[in-house]
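FYI, it's all coordinate maths here, none of it is from the lab. Only a predicted model underlies this, so the values are computations on that prediction, with no experimental measurement involved. So basically every Cβ, Gly included, is an ideal-geometry build from the backbone, and we count neighbours across all protein chains shown.
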Amino acid sequence: MNCHHLHDSCKAYMAICIIAVLLACQEKINPPEEPPLENYPPTAPSNLLPPNDASGVTEDFVLAWESSDPDGDWLTYDVYFGLDDIPVFYGARVSQNYYRSPWPRQSRAKELLIQIYQQQDSYRNQHGAYCLNGVTTYAGDSSFAILGIFPDTSDSYSYVMAAAANTFTCTATANIDFDAAIDAWFINQTGSLTSSANDLDQPSLDTLFLPLSVYYWQVIAYDDHGHETPGPIWYFTSADTSGL
């Protein structure tokens with residue numbers, strides 16, 4: 001073979017090798033784009049408690065369910081609840097897979113306000129004036145210790161005192177149901193317990209947990225990619241409390 005042709009062949013071969021190496025490096029630096037992995041919606045809420053068509057359910061019920069996400073996404077839930085067979089959503093989204101009844105929490109707050117009135121009355125009889133003006137207490141706090149008042153660690157309310165020598169008002173506030181409204185209750189030196197915003201006074205909830213009534217509820221699961229999966233509409237019958 002002619003040396004000139006051999007030299008040209010070598011140069012061509014070397015050029016091909018260099019191009020191949022450059023292309024390989026380019027692929028490592030800028031690998032081809034892969035299509036994004038499909039994200040799947042959460043599973044439908046299931047294994048709901050109380051079980052469907054349960055009876056004798058008391059006002060301290062806890063609604064619970066199970067749901068998971070195939071991709072491990074963080075889940076949140078909308079809880080629909082009420083006396084109508086198409087339950088109503090009130091606007092609060094929860095991150096846990098359970099929801100505690102609001103009724104006992106409100107009842108305990110009203111009971112604590114009555115205790116505060118009784119203790120303030122005793123304190124004034126001894127010291128000539130009411131106490132704790134401008135002081136706030138809440139779950140697990142001891143700011144009202146002078147009255148012997150210690151809100152339970154599960155208490156949802158904050159209690160704010162406004163006191164003078166001869167008058168006082170203690171205000172309890174919390175958000176305890178499905179909406180963004182604030183539940184607000186007051187007691188004063190007369191022992192009068194009033195409310196400016198009863199958070200449970202809704203057409204589909206009523207102010208009281210009604211005996212022998214059918215309540216409907218549903219849970220919708222959401223992942224953090226915008227998917228949602230509704231569960232079934234469940235129902236239960238409340239207990240007969242007429243004999244209590």
Under Karplus coefficients 6.51, -1.76 and 1.60, residue-wise ³J(HN,Hα) of region 68-83 in Hz, glycine/proline x: 9, 10, x, 9, x, 5, 6, 10, 10, 9, 9, 10, 9, 7, x, 8
Protection-proxy order for peptides 142-150, 103-111, 188-196, 214-222, each taking the mean of Cβ atoms within 10 Å per residue, highest first: 214-222, 103-111, 142-150, 188-196
Difference of contour (0.36 nm per residue) and Cα-Cα distance, Ile114 to Val135: 5.8 nm
For region 48-114 and region 141-164, distance of Cα centres in Å: 26 Å
Environment charge at Phe168 (Cβ cut-off 13 Å; Lys +1, Arg +1, Asp -1, Glu -1): 0
Stretch gain in nm, segment Asp201-His225, where the contour uses 0.36 nm per residue and the Cα spacing is subtracted: 5.2 nm
Positive minus negative residues near Pro104 (Lys, Arg vs Asp, Glu; Cβ under 14 Å): -4
